[in-house]
Amino acid sequence: MLGICYYPEHWPESMWAQDAAEMYGLGIRYVRIAEFAWSRLEPSPGQYRFDWLDRAISTLADAGLKVVMCTPTATPPKWLIDLYPSILPVDIKTGHSRGFGSRRHYDFSSPDYFREAMRISTVLAERYGEHPAVVGWQTDNELACHDTTHSGSEAALTAFRAWCQQHYSDIDALNSAWGNVFWSMEYRHFGEIELPILAVTETNPAHQLAYRRFSSDQVVHFHDEMVRIIRAHAPGRFVTHNFIPMVDTQTDNYALAKPLDFASFDNYPLGRSDLFFAKRGAAMFKPYMRTGHPDFSSYYFDQTRGLTGKHFWIMEQQPGPVNWAKHNPRPEPGMVRLWSWVSFAHGADVVSYFRWRQAPFAQEQMHAGLKRIDNSKAAAWPEIEQLVREMALCPDLLEQQVKATVAMVSTTENQWVCEIERQGDSFNQQEVEFAWYSALRQLGVDVDFVSPEQDLTGYKLVLVPCMPVVRPEFVKRCQDSGALLVFGPRTGSKTTEFQLVPQLAPGLLQALVPVKVLSVETIRPDCAEPLFIGQKQYQSQCWREELEVPQSCQVLAHYHDGLPAAAQHQRAVYVATVSCDDFLKALFADLLKQACVETVVLPHDVRLARRGGLTFLFNYSAKPSKVAAPANAQWLLGSATLDGYGVAIYR
Ligand code: GLA
């Protein structure tokens, strides 16, 4: 259940056998290789060098290790860029070409790159597809990372025009769908359409949404073809992709994951926390500076599991300080073990560490590995040894399935809508969604992420934190689900073409909760206002909607001026505010009770997760913590008194 990211091309061949033996000795069984090795696999056009890779795979296999092979398309080599300079993407903020010299320097719309990427993928799949040591494949590497989904190139423009033609058929239909009469933006034919970039002020949001849908389709198309090629040559092998946090891909992740056997996630709790939470100030950030926020990794794990509805892999796990966040602290001792257990608890079947040995050269030389460059064992090593001993105490872990009774509906499309139209600087759809998720997790509730296209039956509570575009089929699924439904601010407010819904928000959802949003206001985050559930006071912040609530609804919360902030009609609730953590916890505690979902009282920095018959407890604080566990709990690891940064498991 453990893996490692290894770069044989970075080390003298004389080291490989010992590396492999040590990996096996540590308990590692999977080795991911070759995702950046194009310049070594094809040093010049058409001149392939597979001898070294053949030997590397043999060395790993001889040590008892299984190989996860990658397509090397995240790093097109220099000669390829020189042959076809238009492979380079164009920065949509400057209109300049992005240069060679790092990675992901390719344009998803470049026909030359599409052909070349599929060529090298075919060559590799033909050679290693049936290799007995190669048990699975990773496509490319972190598709869309470094803001590479969007390109302002000529190729993107040509492809976008064709995409528009295909989607709207008729230019008048497009003009009317986008509302192009506004500011004289009407087009006479598809050849006049521009990309929505580099304009004087904001471009039409419908145009932007179309461009984002198009760009996402380009990534999916590229990836689908790569998966098809691998499958054609690698029978019986799994195909996966290592996703970055869903918010950063700018791609429809459900569509991207569709052809995969399972999704994988690259987990860097500290680096990501630094980027996500730093702006919230030291008080919020510091307690978790060396642990990561207790809900942050699991938020992404649950999303990753939701992409295919199956268990997942952690393809890269942070082993120590990274090099790429704004600040790069060391994890607290014990966190690599804890993070690994959190992954397993949320449905990981394999945790693979990035990377075996720190690189002494190039961009990531300050990024920790399991080994230092002098080949000594770095801090994570004994933690993994401990993990391996502990895993032996849960021999049936892989047979245990994660199945939550609470679902959260989330889509990239709605993230796009909220990014395109923020309405207030402090409104951030991801933060709203994360706050809802975190409130549930603090109540000891497991959460599945689902797409609006999924069947919702079987769930007791379904939450939709922020989903402006609601389609009729989704309303039907909600009606059929039997679950208690909770819709957050902005939900149901836009048509699929980014117009206001004619019946006022929440639009089609009025069939479930007949409220009307009369107006919307955004307020500064430091100007929060009182919000009440009964007499109890909380805070409304950033976003507030003026609600018209008919008599048939019950008001669940109100603003300081007496106007309603949340209302319920039968099995559906509408929440018209962005609010503080305590409000969400109080509101959700009531709703979970209504929905007959068990909640658990947990100490502040303790989290609980269930995988089948196993319950996991995690302490994100340095202080020991006592939890209430059932009297008949059979402890496999630890006890009801959790050590600082401790893990406990009971059956
Ligand atoms: C990403 C990449 C890796 C490496 C790590 C460093 O996840 O996939 O190649 O750059 O980050 O943390």
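The figures follow:
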read-out: Kirkwood hydrodynamic radius of segment 112-238, Cα pairs, Å; value: 16.9 Å
read-out: Cα principal axis extents for segment 144-217, largest first, Å; value: 35, 27, 18
read-out: Net lengthening on full extension, ALA511/MET366 (0.36 nm per residue, minus Cα-Cα); value: 46.7 nm
read-out: Amide H contacts of LEU370 (H built 1.01 Å from N, under 5 Å, at least 5 apart or other chain); value: ARG355, TRP356, ARG357, GLN358
read-out: Euclidean distance of C-alpha centroids, segment 25-56 and segment 202-238, integer Å; value: 26 Å
read-out: Hull volume in cubic angstrom per residue (convex hull over the Cα atoms of segment 499-651); value: 169 Å³
read-out: Sequence-separation-based contact order of segment 191-338, relative, with Cα cut under 8 Å and 6+ spacing, percent; value: 23 percent
read-out: HN-Hα J in Hz across segment 553-566 - Karplus 6.51, -1.76, 1.60, θ = phi - 60°, x for Gly and Pro; value: 9, 9, 7, 9, 8, 9, 7, 4, 8, x, 6, x, 10, 7
read-out: Label-to-label distance, nm, for residues given as ALA282 and GLU186 (7 Å Cα→Cβ offset); value: 5.9 nm
read-out: Signed unit charges on C-beta, dipole axis of segment 345-438, positive-most listed residue GLN429, ALA379, VAL409; value: ALA379
read-out: Helical contribution to [θ] at 222 nm, DSSP H n ≥ 4, -39,500 (n - 2.57), averaged over the chain, rounded to 500; value: -10000 deg cm²/dmol
read-out: Value of D in µm² per second that Stokes-Einstein yields for the chain, Kirkwood Rh from Cα pairs, at 25 °C (0.890 mPa s); value: 94 µm²/s
read-out: Segment 259-357: equivalent-ellipsoid semi-axes (sqrt of 5 x gyration tensor eigenvalues, Cα, Å); value: 23, 15, 12
read-out: Within segment 634-651, backbone nitrogen closer than 19 Å to the virtual label 7 Å beyond the Cα of ASP396 toward Cβ; value: 634-638, 649-651
read-out: Among the listed pairs LYS279/LYS371; LYS258/LYS494; LYS516/LYS536; LYS585/LYS626; LYS66/LYS310; LYS93/LYS310, those beyond 31 Å (Cα-Cα); value: LYS279/LYS371; LYS93/LYS310
read-out: Among beta bridges that DSSP assigns inside the chain, antiparallel share in %, nearest 5; value: 50 percent
read-out: Using θ = phi - 60° and Karplus 6.51 cos²θ - 1.76 cosθ + 1.60, couplings along segment 634-640 (whole Hz; Gly, Pro as x); value: 9, 7, 8, 8, x, 8, 5
read-out: Rounded, prolate or oblate (a/c below 1.5 giving rounded, otherwise prolate when a/b exceeds b/c) for segment 507-557 by Cα gyration tensor; value: oblate
read-out: Longest to shortest principal axis, alpha-carbon extents of segment 401-520, angstrom; value: 41, 31, 22
read-out: Mean separation of Cα contacts under 8 Å, 6 or more apart, over the residue count of the chain: relative contact order %; value: 10 percent
read-out: Convex hull of Cα atoms in segment 320-410, direction-averaged projection (nm²); value: 8.3 nm²
read-out: From phi via Karplus (6.51, -1.76, 1.60), per-residue ³J(HN,Hα) for segment 498-508 in Hz, x at Gly/Pro; value: 6, 10, 5, 5, x, 8, 6, 5, x, x, 4
read-out: Ranking of LEU60, LEU83, LEU608 by count of other Cβ atoms within 10 Å, fewest first; value: LEU83, LEU608, LEU60
read-out: For VAL90, residues with placed amide H under 5 Å, excluding near neighbours; value: ARG98, GLY152, SER153
read-out: Potential lengthening between ASP643 and ALA622 on full extension [0.36 nm per residue; Cα-Cα distance subtracted]; value: 6.8 nm
read-out: ARG471 paired with GLN499, simple spin-label distance in nm, labels 7 Å along Cα-to-beta-carbon; value: 1.9 nm
read-out: Sequence-distant residues sharing a close amide H with LEU642 (under 5 Å, placed H); value: SER625, LYS626, VAL627
read-out: Estimated distance in nm for a label pair at PHE50 and ASP261, the labels positioned 7 Å out from Cα along Cα-to-Cβ; value: 2.0 nm
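Bear in mind these aren't lab numbers, they're just calculated from the coordinates by the rules spelled out. If you're wondering where the values come from, they're calculated on a predicted model, not measured in any experiment. Note that we place each Cβ from the backbone using ideal geometry, even for glycine, and neighbour counts take in every protein chain shown.
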